[in-house]
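Okay, so here's the structure we're looking at.
Nothing in this text is a laboratory measurement; each read-out follows from the coordinates by a stated rule. Just so it is clear, the structure is predicted and the values come from calculations on it, not from any experiment. Quick reminder, even Gly has a Cβ in these numbers, built from the backbone with ideal geometry, and neighbours come from all protein chains shown.
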Amino acid sequence: MDMELAIIGAGSAGYAAGVYAGRAGIDAVIFDAGMGGGLAVESPEIENYPAFKKINGMDLMEKMKEHAEEYAKFKFYEEVKEIKKEGNKFRIVTSKGKYGAGAVIICTGTAHRKLNAKGEKELSGRGVSYCATCDGFFFKDKDVAVIGGGNSALIEAIYLKQTGCNVSIVHRRDRLRAEKSLEVKAVDMGIKIIWDSIVEEIVGKGRVEGVKLKNIKTGEAKIMPVDGVFISIGEAPQSELAKKAGAKTDEHGYIKTDDMQRTNIRGIYAAGDVTGGVRQIITACAEGAKAALMSTEVLGKMYPF
């Protein structure tokens with residue numbers, strides 16, 4: 001066996017699992033298809049994580065990573081392709097090799113939902129973005145549209161306004177789903193909200209030049225000139241790996257677990273946003289910790305619950 005515990009995904013849940021596993025005497029390895037951090041690294045400001053009144057996502061994730069490095073090994077840029085159960089153990093197949101593990105925690109998180117509008121794929125990276133923190137700087141003094149109406153969309157819009165963009169929010173309903181405080185802040189900053197409208201097409205030759213909007217109440221269609229489109233319509237669980245391994249998911253694709261993060265497969269646990277719920281950094285950390293401690297039940301170790 002190459003390791004006792006394989007943790008798949010180096011976000012807040014994975015980092016917390018690594019810390020708790022190491023402190024419980026478990027030999028743990030954390031795999032990540034990229035550089036780690038998950039979607040949290042895209043958050044320009046986090047104001048609800050205890051001990052930090054305000055911190056950006058990248059800094060918070062870097063602190064978690066540095067902490068986890070004291071207790072677990074890392075394999076970045078190594079995507080896990082398959083989890084195979086072999087007796088009471090697991091075979092982990094990655095983009096770089098094969099490993100054995102006594103238990104697995106799936107912390108693969110979520111990915112940005114696509115708008116699936118005409119022109120979105122073709123102009124991705126050419127004015128179409130899913131991350132204001134990553135790309136907002138390039139649109140200073142330019143017109144941008146933020147698509148969405150939840151907390152994430154409002155946070156992105158406020159951030160873009162702060163960086164000097166001229167921001168309009170496009171929302172398909174007549175009221176936002178975001179917290180009222182965010183709506184008030186956006187309006188006070190002069191962010192325009194276009195109600196009852198959907199994006200039918202993102203237009204441009206080589207780069208974004210505008211969005212074709214349709215009012216779902218009146219049927220009126222128009223082209224709104226913009227230089228950038230930031231799509232923020234929620235996230236989808238990255239649970240395909242878990243499904244392939246036989247783990248059950250709900251109707252939305254989130255991995256089903258019990259209150260101690262067990263899936264329906266003995267020895268496979270899941271934690272963080274991929275399990276649904278409130279999908280907050282602090283709850284992901286708690287779930288990662290629980291999953292790591294529960295893995296002792298299949299690793300022949302004791303934990304004083």
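Within the stretch 128-231, DSSP assigns beta bridges of which about 45% are antiparallel (rounded to the nearest 5). Cβ screening of the chain for cysteine pairs under 4.7 Å finds these without a partner: CYS107, CYS165, CYS285.
Think of the stretch 69-193 as a dipole: +1 on every Lys or Arg Cβ, -1 on every Asp or Glu Cβ, centred on the Cα centre; then among GLY109, TYR130, GLY148, GLY109 lies furthest on the positive end.
Were the residues from TYR77 through GLU200 laid out at 0.36 nm apart, the gain over their Cα-Cα distance would be 40.7 nm. Among beta bridges identified by DSSP and lying wholly in the chain, the antiparallel ones come to about 45 percent.
Relative to the Cα centre, what is the charge dipole magnitude of the chain, using +1 at the beta carbon of each Lys and Arg, -1 at the beta carbon of each Asp and Glu, and rounding to the nearest 20 debye?
Dipole size: approximately 600 debye.
Each residue of the stretch 59-68 was assigned a 3J(HN,Hα) from its phi angle through the Karplus expression (A = 6.51, B = -1.76, C = 1.60, θ = phi - 60°), giving 5, 5, 5, 5, 5, 5, 4, 4, 5, 5 Hz with x at Gly and Pro.
Annotation: amide H-H contacts under 5 Å for VAL146 (H modelled 1.01 Å from N, sequence separation of 5 or more, or interchain): SER168, ILE169, VAL170, PHE230.
Based on Cα contacts under 8 Å between residues 6+ apart, the chain shows a relative contact order of 21 percent. Across the stretch 51-58, rounded Karplus estimates of 3J(HN,Hα) from the backbone phi angles (6.51 cos²θ - 1.76 cosθ + 1.60, θ = phi - 60°) give 5, 10, 5, 7, 7, 7, x, 5 Hz, Gly and Pro being marked x.
Here the Karplus curve 6.51 cos²θ - 1.76 cosθ + 1.60, taken at θ = phi - 60°, turns the phi angles of the stretch 69-82 into couplings of 4, 6, 10, 9, 8, 10, 10, 7, 6, 9, 7, 7, 9, 7 Hz, with x standing for Gly and Pro.
Considering only PHE139, GLY34, VAL184, the residue lying farthest towards the positive end of the dipole of the chain is GLY34, judged by Cα position with unit charges set on Cβ.
The listed peptides 163-175, 77-89, ordered by packing as a protection proxy, come out as 163-175, 77-89 (highest mean of other Cβ atoms within 10 Å first). A crude spin-label estimate for the pair GLU209 and ILE282, with each label 7 Å from Cα along the Cβ direction, gives 4.9 nm. At an R0 of 51 angstrom, the distance between the Cβ atoms of VAL187 and GLU86 translates into a FRET efficiency of 0.35. Were the residues from ASN264 through GLU69 laid out at 0.36 nm apart, the gain over their Cα-Cα distance would be 67.2 nm.
Pairs spanning more than 25 Å between alpha-carbon atoms, out of LYS65/LYS243; LYS81/LYS301; LYS142/LYS180; LYS89/LYS301; LYS142/LYS192: LYS65/LYS243; LYS81/LYS301; LYS142/LYS180. With a cut-off of 12 Å between beta carbons, the residues surrounding ILE155 carry a summed charge of -4, where Lys and Arg count +1 and Asp and Glu -1.
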